[in-house]
1. What is the Cα convex hull volume of the stretch 112-186 when expressed per residue in Å³?
2. Net charge near HIS219: determine it from the other residues with C-beta under 12 Å of the C-beta of HIS219, scoring Lys and Arg +1 and Asp and Glu -1.
3. Taking just the alpha carbons, could you work out the radius of gyration and Dmax for the stretch 81-154, both in angstroms?
4. Could you list which residues have their amide H under 5 Å from that of TYR91, counting only those 5 or more apart in sequence or on another chain, with H placed in the peptide plane?
5. Hey, fewest Cβ within 10 Å first, where do TYR154, TYR91 land in order?
Amino acid sequence: MSSAAPTPGGVSIDCVDACVDFPIFDAKSRSLKKAVLGSAGGAIGRNASNVVVVEALKDITLSLREGDRIGLVGHNGAGKSTLLRLLSGIYEPTRGAARIRGRVAPVFDLGVGMDPEISGYENIIIRGLFLGQTRKQMKAKVDEIADFTELGDYLDMPLRTYSTGMRVRLAMGVVTSIDPEILLLDEGIGAVDAEFMKKARVKLAELVSRSGILVFASHSNEFLAQLCDSAMWIDHGRIRQRGSIEEIVTAYEGPEAGRSIGEYIGRMQHEG
């Protein structure tokens, strides 16, 4: 896996028969096996060394270029989050190849790059550095991010004093302020109140418009239709089908859901 500055050809994602396996060296260890299965999903098999493995992703072939906006659908444990982690460089392919050109902004683990012992303001800078920004860039955005979070005086307090929802607000404020070349987004990013999430969705849409490539995992067909122009169904670690949002929703959820999202897309096009 490689993540590098963009080449003259622009940002891109290329995966060829990429697989991600998680070995379970002691298959009799119920706690280890349960922990891996809980985080990965996928089929259970054995590798060439006869070690039991969870096949979290299998034979992923994918080519994306600047301007692509693709949504991921599939049940929990199907491999959507694992695929996002493969594309971000967190996981290396066990077999096959995955090549990423461009600056990646992974938005699926909002706690990464944040320190519970320092203030909200300091964490804004730290989280921005983690996402590839400079200290100068983040200092210029601090006031805007602070306003967005609506956290007020809490921004002077250590992060450990924050509730889960407050931490999500802070992380969302930082994430939506950047200009990513490749945006990897998981809607299941944490619990915040509905009113704030409504505001966050507007900011996320603006963030997507500034990004080169979007890969978005979502359980909301409407939100997927708002941000993406195509979709991919992930099932048991494999790409089951790829096509238009209406086609994939129909295949995954049935004709009624497909008709509903088709009508929704039609209304969006008419209004926009």
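1. Dividing the Cα hull volume of the stretch 112-186 by its residue count gives 84 Å³.
2. Neighbourhood net charge equals -3.
3. Reported Rg and Dmax, both Å: 15.2, 50.
4. LEU86
5. TYR154, TYR91
Read the figures in this text as sums done on the coordinates, not as results from a lab. Bear in mind that the values here come from a model prediction, so they are computed numbers and not experimental data. When we count neighbours, we look across all protein chains shown, and the Cβ atoms used for this are built from the backbone with ideal geometry, even at glycine.
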